[in-house]
Structures are given as C-alpha cells and as structure tokens.
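Just below is one structure, and these are the notes that go with it.
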Amino acid sequence: MKPLLFLLLLPFLSACSNASGNKDKKADSAKAAPSPAEAPANPTSAKDGPSSTPTQPDSTMPAPGAWPGESHAQTSLRIAMESTLTSGDISISIPPFGLDNVMAAIRQMQVANDSGDADIEFKIALSNGAYNALSFDEKFTYNMIHAEYESQMCDALPEHKDEGNRIYGQTVNYFGEFGWSERQLSFFKDNRDSVEQLIKATINQQGKIGMNFLDVIKDINATDMIPFLINAYRKDNSNHYVLTTLMLLMNENNYPEFMQSTSHKKLYDDDAETYTAFLIYNKANEDLIIRRATNFYHDTVRN
C-alpha cells in the first residue's frame, strides 16, 4: 500500500481485518469498478453548456480523505496524482499525445466521495465537460495513465518475484488501490481500432510495451495484435509479460491447443493460485508460447 494512502484507508482497516470469507484465488490485477458519477462541472469549460452553479466544497468541512490542515484543493491534487502513472516506472508506457494538457486537467480535477457505495472511497474522474474537451488522442493518454476510482483493498495482492526468470500467468498489479472505471474501459473497447493504432505508434516510438498497454490489449481482446506483439518481443525479450498476454488471449478465447496443455493446467485451472502461478522462463517455454499464439492467430483470428 502506498504510504500516502495509509491515512486515507486507516478507518477501513478494522472492518477489513474482521471480514470473513476466503481470498479470491483469481484476483484480477485491473478489475473495473462502476463508472463514477460526474464530478463537479468546471464552470470555465465552454463545453459544459448552461447549467446551475456547481456546488462548491464547504471550506469549513474537511475534504474526504483530507489530512489535518489540508485544503480540499490540496487533497484533490494529492489523490489525483497518486492515481496517475508516471514515467518513473519503467514498466509503464506513457503516451506522448497531449500529455501536458492531460496532466494539467488531472491537476485541476476535484476529488469527491458521494457515490453512496461503501466499496468506493473516492471518485477521481474528470467531469464530463472537462473529459469531452480533450481530443481523442488526449483521451487515450488520460485513460492510459489515470485511474478513475479508488477502492477499499483489504488484502494487497502478493508480489511477483524474480520476474526475469519466470513467466507469470497474470499481468502485475501496477495501479495498486486504483483502477479503470467503466467509462474508461468503454473508451478502449468502443474505439478498439484507433486505440490499437495509438498503442502501436507509442510502442514503435518508445521501443517498449508497458504493463498498462498489455492490460488494455487483454481487456479489449486484441487478438489481431498477436503478430505485432511477437515481433516487438523478439526485438526485446526482457518483458516476459508479453508472453503472459499471449497466453491470456488464448485462454480468453478458449483455444483448444492451449486449453488442453500442461501450461494451462498449471496457470489457470481452478486449483491454481492464478495471480502468482508461473512457468519457468527458458527458451523452450518461450518458443512454445510463441508457437501456440502464432497457431491461434492463423487458426482463428486471420480466418
């Protein structure tokens, strides 16, 4: 858990520690939450249209998740930035499209908690007016680097260790307590072709495939990107999560050759600890995954 979030989640830790039930063995590293309701509109946005004056935060009341002596604006900025990926993490891809405008919009958003859902602590989303003011490419950048909800997490997912010598069955959890909203996932799925082109352009420019890109490829079931992923991996095979993504695509589409394999049984069967299950990385396993993914593409996708 991020140190900055500890104080935010402290009131909920007791409730989490007393909750009963077994852990879900199939925790998804980027599970979507219900889309947040619109945050307070930006009165300066021309696209917001005529509306009543937005309710301003009561300066005499602490903002949700505020630290002692912290203003609502300071709380909003802190939480908004904690839910935004940065270039400091080499496993993440940061699209260049309108990045300065996107970061400026994120810094100005108002964090709120009026969802009435005990499982959702904060809405960390641009208002519809501010979001719609972004160009398509800027929306892509925003959605790729920023998560619009923060949810109570009682049990942190276990760490993926020794990644250089392992091929995990699931991609890693990089957003922590944050995740994409339904609005964001809908953007990726509804604009699949354009999203794929922007992903490819960024990878070709930056020479790497970030974990956030791999998760979107998985979430939109972008099987037509398999040849591109394999070619990119062959240029730099240091990121074994590309192999993970190939297996996830085969698993999602129930490809028989993979579903009947020993690899599938070890990684995805009901009795597997799917988030931490892995194959040993070696040339034989690498070649086998690429061969199966290539067969899957030719057997079912290209046809």
> When you go through (1) on the phi < 0 side of the Ramachandran plot; (2) touching a helix residue (DSSP H, G or I) at 6+ places or on another chain (Cβ under 7 Å) one by one for residue 183, which number turns out not to apply?
Replying inline: (2)
>> Suppose we filter 105, 125 for residues that are modelled with pLDDT of 90 or more and in contact with a strand residue (DSSP E or B) (Cβ under 8 Å, 6 or more places away or on another chain); which single one remains?
In response: 125
> Does residue 209 satisfy the criteria of being in contact with a Leu (Cβ under 9 Å, 6 or more places away or on another chain), over 28 Å from residue 149 (Cα atoms) and not charged (D, E, K, R)?
Replying inline: no
> Any idea which of 194, 181, 186 is of a type in the set (Ser, Thr, Tyr) and at pLDDT below 95?
Replying inline: 181
> Going by the structure shown, is residue 145 touching a strand residue (DSSP E or B) at 6+ places or on another chain (Cβ under 7 Å) and of a type outside the set (Asp, Glu)?
Replying inline: yes
> Among the numbered criteria (1) exposed (fewer than 13 other Cβ atoms within 10 Å of the Cβ); (2) modelled with pLDDT under 95; (3) in contact with a strand residue (DSSP E or B) (Cβ under 9 Å, 6 or more places away or on another chain), which single criterion is violated by residue 276?
Replying inline: (1)
> Do any helices (runs of 4 or more DSSP H) lying entirely in the stretch 186-303 carry at least 3 residues that are touching a residue at least 24 places away in the same chain (Cβ under 8 Å), and which ones are they?
Replying inline: 192-206, 211-219, 226-235, 241-252, 262-268, 283-296
> When you look at residue 169, is it touching a Lys or Arg at 6+ places or on another chain (Cβ under 7 Å), surrounded by 15 or more Cβ atoms within 10 Å (Cβ to Cβ) and either charged (D, E, K, R) or more than 22 Å from residue 96 (Cα to Cα) (or both), yes or no?
Replying inline: no
>> Checking the condition out of contact with any strand residue (DSSP E or B) (no Cβ under 7 Å at 6 or more places or on another chain), of a type in the set (Val, Ile, Thr) and buried (at least 17 other Cβ atoms within 10 Å of the Cβ), which residue from 244, 223 passes?
In response: 223
> Would it be correct to say that residue 236 is more than 22 Å from residue 161 (Cβ to Cβ) and either of a type outside the set (Phe, Trp, Tyr) or surrounded by fewer than 13 Cβ atoms within 10 Å (Cβ to Cβ) (or both)?
Replying inline: no
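The values are calculated or read from the model by the stated rules, or taken from the named source; none is laboratory data. Bear in mind the structure is a predicted one, so any value in this text is a computation, not a measurement. Glycine gets a Cβ as well: all are built from the backbone with ideal geometry, and neighbour counts include every protein chain shown.
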